[in-house]
Amino acid sequence: MRIVSVVGARPQFVKLAPIARAMLGRAEHLVVHTGQHYDQAMSEVFFRDLGIPAPDLNLGVGSGSHGQQTGAMLAGLESAFERFRPDWVLAYGDTNSTLAAALAAVKLHLPVAHLEAGLRSFNRRMPEEHNRVLTDHAADLCLAPSEVALAHLRREGLGSRSVLIGDVMTDVLYRVRDQQHLTPVALPLGVEPKHYYLATIHRPDNTDSAERLRAIVDGLAHLDHPVLLAVHPRLAARAAEHGLDLNVGAVRPIAPLGYPELVNAAQHSLGVVTDSGGLQKEAFLLRVACTTIRPETEWTETVELGWNTLVDRDLSALGEAVRRPTPPATDAQPYGDGHAAERVVTTLLNATVLDANAPSATVLNGPGSH
Ligand code: UD1
């Protein structure tokens, strides 16, 4: 069986790592990189550090408005799929690359599976919310990372083509955590393990408005320990446009981190402050308290279990949220057991797409079917 994975942005490379390993010897696996992320620190280092084979094709689409970027990917992916004729297209997460992969595949009547299906923020301002809803409804197979995600899919009438898989980010996190003594993050002078916070901010809602970004940076600047702020290119660009110095108060801006360095930096921190979906969950899996600068989260289990707190409009609450007492210990595993990628491959090998035009086209065979 030939499976084509489509990736393009940083979190997708992380998810690809365990999938590429699990595919070895079981399926012919090709990787198409849309080129959504292209800086070395945003792309190549992930392939290198996580041992992912180089993409079979890079469309080199790069940055642009949503329409330009997604449209260019759509055209490029259509040609790629015509060339590779995959038995399955595997789309990851919720970026513009995800949506383009799903659309290009269904228009060519190619079966498409969505990894990390069923997440919902119910926030229609987020481009990711549209990407994931549209991709789920286009997909023949929805691979859910959690019970909560599966429940969303069922509620939207997608239960018959959905499978609970667990989260492949748990797979990669556990593997890297167990090796990460190999790649300790270089802490800036004067910053000691367990005496700093790790922060990332990159979402348009937090960076595009000068006033909002200033309030966030100000909140970080007044925290009671140094804050390692790993600077995404969007943050760097917006801060420069707004004339905002990131090197203020407690904040120590650093370059974007590779995955092993990020895991290491999170694990040895006092806490994480972020608007990233992935990092909220990584913090939880490492049992490091997280404060999320967003009005809501898709990873609601992290909040319910006490390891994640949301701070949104009232940024004056940031300091108190970050300094809150250590959350209660838990051995809950809402995101699987670290073997999700193997289940993905098994599910793809066993699922039968009867007729791409039939209303319920996928037959799920074997354990894990819902
Ligand atoms: C994208 C995803 C988001 C994900 C994030 C992870 C969408 C809609 N958003 O957001 O879900 O959380 O990736 O990082 O798909 N840039 C560079 N170099 C790069 C890539 C981007 O300088 O290698 C700059 C460009 O100025 C670009 C901006 O970052 O315009 C934003 O990049 P883009 O890919 O549009 O979205 P992200 O904010 O990275």
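Of all the residues that make up the stretch 57-72, how many are exposed (fewer than 15 other Cβ atoms within 10 Å of the Cβ) and in a loop (DSSP other than H, G, I, E, B)?
Matching residues across the stretch 57-72 total 5.
Can you name the residue in the stretch 99-116 that is more than 15 Å from the ligand (Cβ to nearest atom) and part of a loop (DSSP other than H, G, I, E, B) and is also surrounded by the fewest Cβ atoms within 10 Å (Cβ to Cβ) among such residues?
Per the criteria, the residue is 109.
Checking residue 24 against (1) without any contact (Cβ under 8 Å) to a residue 12 or more places away in the chain; (2) within 16 Å of the ligand (Cβ to nearest atom); (3) more than 19 Å from the chain's Cα centre (by Cα), which test does it fail?
Of (1) without any contact (Cβ under 8 Å) to a residue 12 or more places away in the chain; (2) within 16 Å of the ligand (Cβ to nearest atom); (3) more than 19 Å from the chain's Cα centre (by Cα), only one is false for residue 24: (2).
Look through 218, 208 and report the one residue that is in contact with a helix residue (DSSP H, G or I) (Cβ under 9 Å, 6 or more places away or on another chain) and away from the ligand (no atom under 16 Å from the Cβ).
Of 218, 208, the one residue that is in contact with a helix residue (DSSP H, G or I) (Cβ under 9 Å, 6 or more places away or on another chain) and away from the ligand (no atom under 16 Å from the Cβ) is 218.
Sort through 150, 235, 143 and tell me the only one that's free of Cβ contacts under 8 Å to residues at least 60 places away in the same chain, of a type in the set (A, V, I, L, M) and not in a loop (DSSP other than H, G, I, E, B).
235 is the lone residue from the list that is free of Cβ contacts under 8 Å to residues at least 60 places away in the same chain, of a type in the set (A, V, I, L, M) and not in a loop (DSSP other than H, G, I, E, B).
Where in the stretch 272-345 are there helices (runs of 4 or more DSSP H), lying fully within it, with 1 or more residues that are within 16 Å of the ligand (Cβ to nearest atom)?
Hits in the stretch 272-345: 277-285.
Could you list all residues from the stretch 208-266 that are closer than 24 Å to residue 284 by Cβ and among the hydroxyl-bearing types (Ser, Thr, Tyr)?
Hit for the stretch 208-266 is 259, nothing else.
What tally of residues in the stretch 73-97 results from selecting those that are among the polar types (S, T, N, Q) and not in a helix (DSSP H, G or I)?
The qualifying residues number 1.
Kindly establish whether residue 52 is more than 20 Å from residue 105 (Cα to Cα) and either within 11 Å of the ligand (Cβ to nearest atom) or touching a residue at least 12 places away in the same chain (Cβ under 8 Å) (or both).
yes
Could you tell me how many of the residues in the stretch 298-334 are in contact with a Phe, Trp or Tyr (Cβ under 8 Å, 6 or more places away or on another chain) and either in contact (Cβ under 8 Å) with a residue 60 or more places away in the chain or within 28 Å of residue 160 (Cβ to Cβ) (or both)?
3
Inside the stretch 63-94, can you point out the residues that are closer than 18 Å to residue 19 by Cα and within 16 Å of the ligand (Cβ to nearest atom)?
91, 92, 93, 94
Given the options 186, 199, name the one that is at pLDDT 95 or above and either within 26 Å of the chain's Cα centre (by Cα) or not in a loop (DSSP other than H, G, I, E, B) (or both).
199
To keep it simple, each residue is scored yes or no on (1) within 16 Å of the ligand (Cβ to nearest atom); (2) out of contact with any helix residue (DSSP H, G or I) (no Cβ under 9 Å at 6 or more places or on another chain); (3) not assigned by TED's automatic domain parsing to the domain that holds residue 19.
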position	(1), (2), (3)
186	no, no, yes
197	no, no, yes
213	yes, no, yes
223	no, no, yes
231	yes, no, yes
236	yes, yes, yes
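If we scan the stretch 117-128, do we find a residue that is in contact with a Cys (Cβ under 7 Å, 6 or more places away or on another chain) and either part of a helix (DSSP H, G or I) or modelled with pLDDT of 95 or more (or both)?
yes
Confirm whether residue 133 is surrounded by 24 or more Cβ atoms within 10 Å (Cβ to Cβ), away from the ligand (no atom under 11 Å from the Cβ) and outside any loop (DSSP other than H, G, I, E, B).
no
Filter the stretch 27-47 down to residues that are within 15 Å of the ligand (Cβ to nearest atom) and among the charged types (D, E, K, R) and give me whichever is nearest to residue 236 (Cα to Cα).
For the stretch 27-47, the residue satisfying everything is 39.
Taking only the stretch 202-216 into account, find how many residues are more than 20 Å from residue 308 (Cα to Cα) and outside any loop (DSSP other than H, G, I, E, B).
Adding up the residues that qualify gives 8.
The values are calculated or read from the model by the stated rules, or taken from the named source; none is laboratory data. No experiment lies behind these values; they were computed from the predicted model shown. Glycine also receives a Cβ, built like all others from the backbone with ideal geometry; neighbour counts cover every protein chain displayed.
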